[in-house]
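Student: The structure that follows is given in the form of structure tokens.
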């Protein structure tokens, strides 16, 4: 039996029936937002988790997609044209930014992405003729694909779910394709990959572009949902938040970013109604999570379960005494969750 | 004439402030290869501590030292309690340091409310100094002096002391340092303490210029990163020169190209990094 | 970590909120409460203003024992952290879960504009402090009421005062490079130049500028005044650095709406004495409502109310008057409530008498204030009152709205000197 597949199916069924569990629109909208940020985090995960490079400027792609889509729609273009145009522009920008950022690695990479993000943010504030400055831009209406209105909470949720499921499927295919293997290889053993004849730079660049593209898709969902975009969507906070979601859930795993997005979105939107110091709570969650699961929640849970099975197996004498569990300070990461090894 | 004189003074004075901000970050990164993204929060905490110490009537310089110690102690706890377990786990370090900065920012908001808090300059340094008839804030010149003193002290520490020699060995080759019996773990602790303390000290000393306000952390962290990146990561000399370069770019850039004010720091930085990914002083750093 | 008691009660579904429990039993039994959503910012860099908004509203509700115009009210407070996306979710929470009849807030323009659509759809009467001009001009939302002022409303007055009363001829302006700064600045320039003055230099520091030194060094000093329009802590930092460079006493500094707010004043120290600024309110206003308000703020929170505190206190007064008009029976009729909000003239708010134009913006007094020291504390003493100032100054809506919205480049600066 293929357990991951089964788990995916169960999750999908749950997600499909979710709006019919008698919750109000508020919760359905909340789930739509979680899907949007989960997709956004999954896009970041491509470069952070599988590529092993920490980007602190990903809000730029979400924002550019949202802004350009709104600009096109308000200037008389159709929704489809606007969506495609926005995605093309975002991908193009990601290609250029990727070229610049991939000149460097490590902290310098982080810094270039941050700087590029801040430049885009500055433009949104300063280029008022194009962006309307901090007064932001409003999207007149959500699109109606094939004449289906997305104005209701439930219909929009299904739309977001459809896009999300397609995106995750594509990302999953990519990760398990030869290209995905090469990307992970470039992360773990860049020198060996080069010697084997792979163009490590090109692999990373393609991953960067793909990451920008999916962030653009998330940006489209974002603007469809919010119907309003302002420089806040491009801010450093937004970039940091999505990066934190990804790492919290477990970078380099498929479900990690989703878990991170669920937690952060719920704390920001729901827990903040009950806990006044919710910012500190969020910080505390990050710290505590990393203490117990240094590589994120999903890899942490996997490891715990393994440890538990091993203990159980040991208790009934199935494991020879030589197979000691790894020492606590040298955790054995889950196969998918290897982290950058650059010094 | 006035323009060039005052803006030059502005640039070097701001550069001094930036060195106080970024030297600690650079020190930590150089040895531990860890971006301490809580550095801006440390700086902010230093400014708030300074404001409170001064409000209790403590002498300014003593207040700065106390803030440095307090923030250093916090750094020590953080290193021992959290970061030590995350060696080599870059993503975990990002998560923890940003998480800590969230907590610090929220606690500051709780303790000092959201209103900006002034950090008064020492009494005798409040009146401006005159250069050929042009006024310039005396205190900023003092900050420049303090930054240069700090740079000299750090240089002596690194080049002339046993501790410095051990740190240099660790920066050069961690495995080798471990091999020859340098207590790397204790070294990490000391360096993190020193880096955090520098941020706290810088916070109080920068206080009369910056004031303490919510958001100071987020305003300062990118600046520290810009300096460190431009100067070449982990090199104190690079951080020193980088600070003044950023000071000049910022002051003359905003004055001469006001339309680019929003991107004035980041645009040149991207250019430099694209042309010289290792920073301006990669070759000269060691 | 503290828990917001009201929210927790609400969260566990305690049925009746604290507000209702505090009421006389008779009322509780008879009337269902009027539900007010209150959206503010209590975390992040914007928290300063958001906390004062909450203080002002708390004082009003405490004074009235949570009963407005004979109707018990429940206030549901939410914190957005200043994020427009969160504001939208919180709005849905307020509308759907708390079933509010009216919204007070949000704080920032970005948030208010993010809510524009949902406010229209849900027809929620909204009383906000967000200042963007066009929210009550070219993009007026029929469900929006502003009791404070547009960005430019008060600086029009300062332009007039500088040119006519102070007889200033040449001015420099410096403002945050965001719409709030642009609009304030444009308002000043428009009236100042119409009255014969000249704006000879305009400086625009970005929002998150680390240091104003480079801008202060550029300020022309051969002018009559510097008009400074900043938001939040920026005005505070600018002022301190202005003094650092020895400019205090050399060039008069005129403040915009939030530049020398009461919240900043005590921290600014005696250097601030003599500064002029303009606002729709001053804690020094001599009217019975304000005296009570200021006294309560000093007692409960140890602060003087300023721009933000007075905003919610005024908003609550305007709301109370509207509830009086519609009565307990009509309080759920949103159209009626909205009509009452916009057509009532409320004589006795803490900021003085207010009425509203057809766009939902306040017509009320605007005050020129001077920082003085009274009884050991710094206060903004009122030195001149401009009565019943409209957002259109004295141009009339039609003529005013024909022009483009105020911006960095409109009105064009014709008198700049190199």
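Each value in this text was obtained by applying a stated rule to the coordinates, not by laboratory testing. All values reported here derive from a predicted model rather than from experimental measurement. Counting neighbours? That spans all protein chains shown, and the Cβs are built from the backbone with ideal geometry, glycine included.
Student: Which whole-number percent gives the relative contact order of chain C, counting Cα pairs below 8 Å spaced six or more residues apart?
Tutor: 17 percent
Student: If I build a Gaussian network model for chain A, linking alpha-carbon pairs within less than 10 angstrom, which residue out of A:15, A:102, A:196 has the largest mean-square fluctuation?
Tutor: Most flexible of the set in this elastic network: A:196.
Student: In square nanometres and to one decimal, what's the mean projected area of the convex hull around the Cα atoms of region B:1-119?
Tutor: 9.3 nm²
Student: Among C:104, B:6, which comes first, then next, by fewest other beta-carbon atoms within 10 Å?
Tutor: Sorted ascending by nearby Cβ count, the order is B:6, C:104.
Student: Let me have the 222 nm mean residue ellipticity of chain A computed from DSSP H runs of 4+ only, each contributing -39500 (n - 2.57), with the sum over all residues rounded to the nearest 500.
Tutor: -22000 deg cm²/dmol
Student: What FRET efficiency do you get for residue C:398 and residue B:278 if R0 is 45 Å and r is their Cβ-Cβ distance, rounded to the nearest 0.05?
Tutor: According to the calculation, E is roughly 0.10.
Student: If you average the C-alpha positions of region C:108-154 and of region A:255-284 separately, how far apart do those two centres end up, in angstrom?
Tutor: What the calculation gives is 29 Å, centre to centre.
Student: Relative contact order of region A:29-235: what whole-number percent is it, with Cα pairs under 8 angstrom and at least 6 residues apart?
Tutor: 43 percent
Student: Taking only Cα atoms and a 10 Å spring cutoff, compute GNM fluctuations for chain B and point out the largest among B:22, B:11, B:243.
Tutor: The residue that fluctuates most here is B:11.
Student: Starting from the Cα gyration tensor of region B:2-275, multiply each eigenvalue by 5, take the square root, and state the resulting semi-axes largest first in whole Å.
Tutor: 29, 22, 19
Student: Now for a separate question. Just from its helices, what would the mean residue ellipticity at 222 nm be for chain B, if runs of 4 or more DSSP H residues each count -39500 (n - 2.57) and the sum is divided by every residue, rounded to the nearest 500 deg cm²/dmol?
Tutor: Helix contribution divided over all residues of chain B: -24500 deg cm²/dmol.
Student: Still on this structure, please answer the following. Return the calculated 222 nm mean residue ellipticity for chain C, to the nearest 500 deg cm²/dmol, obtained by summing -39500 (n - 2.57) across DSSP H runs with n ≥ 4 and dividing by the residue count.
Tutor: Only helices count here, giving -11500 deg cm²/dmol.
Student: Follow-up question, since we're still on this one. Of A:23, B:110, A:53, how do they rank once you tally other Cβ atoms within 10 Å and put the fewest first?
Tutor: A:23, B:110, A:53
Student: Can you tell me the 0 to 90 degree angle between the C-alpha axis of helix A:200-226 and the longest principal axis of chain A, rounded to 10?
Tutor: Rounded to the nearest ten degrees, it is 50.
Student: In degrees between 0 and 90, to the nearest 10, how far off the longest principal axis of chain A does helix A:178-188 point, with axes built from Cα atoms?
Tutor: Value to nearest ten degrees: 70.
Student: Just to verify a number: FRET efficiency for residue B:163 and residue A:191, C-beta to C-beta distance, R0 = 35 Å, to 0.05?
Tutor: For residue B:163 and residue A:191, the calculated efficiency is 0.55.
Student: Pick out which of C:336, C:263, C:162 has the largest mean-square fluctuation in a Gaussian network model of chain C, springs linking Cα atoms closer than 10 Å.
Tutor: In the Gaussian network model the winner is C:336.
Student: A further question on this structure: If each Cα of the protein assembly as shown is one equal point scatterer, what is log10 of I(q)/I(0) from the Debye formula at q = 0.06, 0.07 Å⁻¹?
Tutor: So the normalised log intensities are -0.45, -0.62.
Student: Now, a different point. Could you tell me the center-to-center distance, by alpha carbons, between region B:140-176 and region B:30-44 in angstrom?
Tutor: That distance is 17 Å.
Student: To make sure I understand, if each residue's beta carbon is the centre and we count other beta carbons within 10 Å, what order do A:228, B:43 fall in, fewest to most?
Tutor: Fewest-to-most ranking of A:228, B:43: A:228, B:43.
Student: With the Cα gyration tensor of region C:311-418 giving a ≥ b ≥ c as the square roots of its eigenvalues, does the rule (a/c under 1.5 for rounded; else a/b larger than b/c for prolate; else oblate) give rounded, prolate or oblate?
Tutor: Because a/c hits 1.5 or more and a/b fails to exceed b/c, region C:311-418 counts as oblate.
Student: Enter the angle in degrees (range 0 to 90, nearest 10) between the Cα long axis of helix C:151-160 and the first principal axis of the Cα atoms of chain C, meaning the one along which they spread out most.
Tutor: It works out to around 40 degrees.
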